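The structure under discussion appears below in the form of structure tokens.
The values are calculated or read from the model by the stated rules, or taken from the named source; none is laboratory data. Just so it is clear, the model here is predicted, and its values are computed rather than measured. Virtual Cβ from ideal backbone geometry, glycine too; neighbours counted across all protein chains shown.
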Amino acid sequence: MRGTYEGETVAVKQPHRDLLNQRLLERLKRETRLMIQISHPNLVRIIAVVFDEEAERLRRPPLIVTELLDMNLRQCYQEMRLQPRNRVPVFLDVARGLHYMHDRTEPIIHRDVSAPNVLLKALPNGRWRAKVSDFGSANLARFSVTAGEGAIIYTAPEAFPLRSPDSPRPRHTTKIDVYSFGILVCEVVTAEQPDPELYQVRLGQVGRLSRPLHSLVVRCTDHNPDKRPTMATVIQELSNISLP
């Protein structure tokens, strides 16, 4: 929702109370405090996290105050406001934001990369500045041993719950975000929401538009995380791609 904080028009979010127990609330505190310290042009700026003693006593979640942008990426392409030539610059913005998170001394996995979680600010000449948002499920990589929290359609295979209690617990890595990024690119290029049953068809559409971009998406969504590129490689390759 829209609000005002110290004279600035902002966006205000509050996690759903039913989703938080005391342990998760403490984790949310730690993570949002971490995110306040993070600053990058392609990450939505978290301005404040408001913890109220009375609210905590009643187990009400905190308010998360962020900068206010114009719309999300899915809204933008659905409203046909994202011109083809401006898609790769948006992909680059997202990749740079994720690379910044992944390249820290203690890498941060976003875990919920998706078109609705990329927010846009309108620039002159029909261009957009993209910023990755919703760090509610971001987690320090060294603690990341639980199932992914992102939308299932964007979720890497290794992030799904274990099928057997005896199976070794996989250590999740930043490659989870790379997989989601590949799905996001395919969605935006085809202007169709992800559908597992139609993925190969949609991938073919990407290939007809750009072979280099098709190759990149295929590698980003490889079921073997070790075969996926890093976001640094993604940035390098996207810098040499243009769409008609």
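Could you figure out which of (1) buried (at least 17 other Cβ atoms within 10 Å of the Cβ); (2) among the hydrophobic types (A, V, I, L, M, F, W, C); (3) within 14 Å of the chain's Cα centre (by Cα); (4) modelled with pLDDT under 90 isn't true of residue 185?
(4)
Where in region 1-105 are there helices (runs of 4 or more DSSP H), lying wholly inside it, with at least 3 residues that are surrounded by fewer than 15 Cβ atoms within 10 Å (Cβ to Cβ) and at pLDDT below 90?
Answer list for region 1-105: 22-36, 53-57.
Quick check on my filter: what residues within region 219-244 are loosely packed, with under 15 Cβ neighbours inside 10 Å, assigned to a helix (DSSP H, G or I) and not hydrophobic (A, V, I, L, M, F, W, C)?
Matches in region 219-244: 226, 227, 236.
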